[in-house]
1. Output the qualifying pairs, or none if there are none: Cβ atoms under 7 angstrom, residues six or more apart or on different chains, first residue in the stretch 316-338 and farther than 17 Å from S60 by Cβ and open to solvent by 10 Å² or more (accessible area, probe 1.4 Å), second residue hydrophobic (A, V, I, L, M, F, W, C) and assigned to a helix (DSSP H, G or I).
2. In the stretch 286-304, which residues are assigned to a loop (DSSP other than H, G, I, E, B) and open to solvent by less than 10 Å² (accessible area, probe 1.4 Å)?
3. Tell me which residues, restricted to the stretch 355-374, are polar (S, T, N, Q) and open to solvent by less than 70 Å² (accessible area, probe 1.4 Å).
4. Out of E66, E70, report the one residue that is charged (D, E, K, R), closer than 30 Å to K154 by Cα and free of Cβ contacts under 8 Å to residues at least 12 places away in the same chain.
5. Scan D305, D296 and give me the residue that is among the charged types (D, E, K, R) and on the phi > 0 side of the Ramachandran plot.
6. Name the single residue that is surrounded by the fewest Cβ atoms within 10 Å (Cβ to Cβ) among those in the stretch 215-271 being part of a helix (DSSP H, G or I) and of a type in the set (S, T, N, Q).
7. Filter the stretch 234-277 for residues that are at pLDDT 95 or above and of a type in the set (D, E) and give the result.
Amino acid sequence: MKLLIKSAKIIQPSSEFHQQTVDLLIENGIISSIKSKIEEKVDQTIEFENLHLSEGWFDSSVSFGEPGYEERETLENGLQTAAKSGFTQIGLNSNINPIADHASAINFLQKENNKQAVSVYPIAALTKNSEGNDLAEVYDMQNAGAVSFYDYKKAVSNPNLLKIALQYVQNFGGLVQSFPLDKSIAHKGYVHENKQSTILGLKGIPSFAEELQISRDLHILEYTGGKLHIPTISSKKSVQLIKEAKKKGLDVTCSVAVHQLIFNNDKLDTFNSHFKVMPPLRSKEDQKALIKGVKDGVIDMVTTDHTPIDIENKKVEFESALFGTIGLESAFGTLNNLLGLEKTIEVFTKNKNRFHIPSFQIKEGEVANFTFFNPEGDYTFTHQHIYSSSKNSMFLDYTLSGKVLGVYAEKNLIINE
């Protein structure tokens, strides 16, 4: 199949075509020609006003539902949602039923690979059934395709278990994730602990429940060596702890969820359960520190932390609602508004190698893996912009800037209507 992409502005600083508007000819999934103008008979032509093109985007923390929670999201529709949101590669979490803690489960999560534009890179459970007691079959799961090991949203409470895990995975280059939450301090809390949570009568989680866990984990990492990723940090002190650890030379990376950069705990006044997430939305001071951490590069990745939750578990009293918000569909327009275009593309494409994810160079002879977008134009995000089966988005009625137009990857073309 021949595909011609007309007048696309390339956004990839490492490419010789960065910031240039060119035509690209794709033949059987390979970039065969990049020129200022290409005239050739092709099977399909892609042409949009103000078309921009970058390497396909990666999200390091995505949850769907299948198997076990298909009412929240299926693999097929979830991957279509990711593609329409501009992502061609996703790290898919293990929080399904049964938990993805063995090789056959990892194989199942990859069943749509090569059929769709989006490639799934499973993030396997670190412990059996994510119960935190015994190490799962991590070596077998990495051989099956797992790119990291993480008990989704569950802290590794046993320090010796984390020590053993970090030591063991060094034999095969594995990446361990440890969720930053000391459960003994967080207890049954579900919002940020401060004066506001007390006034509202909501059970709080102090930020030092996160910071204490991070400090402990970094001390263990310093002792054991190995590779550690700390997902979805939320506090100013957490950024500082990780910055200091990197200065020491520790092999640690971290991520932040998009919503932590946009919202803070002021949103709790509405008692809207869409804003109930884990970790909880923190203070304005924390929010500013997280944004600075992204801009400075201390925070390595920005994730949507996309978590579909069915209406029966969201449209309930705040205390009873499940944690989570969807975020794939709103990610680009949100970050483009906050960080600007080039930084947004950078956080969606850099550090893929941390998760053993391939990168793609925009040059002749390379595999075509693209995201198409128009970075201009403001609009209000509404239900009509949601592709997910579940509609639990905290970005509803929020102003976004720029739209994703589609993707081309794995020889599959997805164009938004």
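The values are calculated or read from the model by the stated rules, or taken from the named source; none is laboratory data. Please read these numbers as outputs of a predicted model, since none were measured by experiment. Cβ sites come from the backbone with ideal geometry, for glycine too, and all protein chains shown count toward neighbours. SASA here: full protein model, heavy atoms, side chains in, ligands and nucleic acids out. Shrake-Rupley method; radii C 1.70, N 1.55, O 1.52, S 1.80 Å.
1. L338/L261; L338/I262
2. Hits for the stretch 286-304 are I299, T304.
3. Scanning the stretch 355-374 gives Q361, N369, T371, N374.
4. On the way: E66 fails: free of Cβ contacts under 8 Å to residues at least 12 places away in the same chain.
Matching residue, one of E66, E70: E70.
5. D305
6. T270
7. E244, D251
Okay, residues lined up against (1) among the small types (G, A, S); (2) at pLDDT 95 or above; (3) in a loop (DSSP other than H, G, I, E, B):
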{"residue": "R72", "(1), (2), (3)": "no, yes, yes"}
{"residue": "A83", "(1), (2), (3)": "yes, yes, no"}
{"residue": "I99", "(1), (2), (3)": "no, yes, yes"}
{"residue": "A105", "(1), (2), (3)": "yes, yes, no"}
{"residue": "K115", "(1), (2), (3)": "no, no, yes"}
{"residue": "N129", "(1), (2), (3)": "no, yes, no"}
{"residue": "Y152", "(1), (2), (3)": "no, yes, yes"}
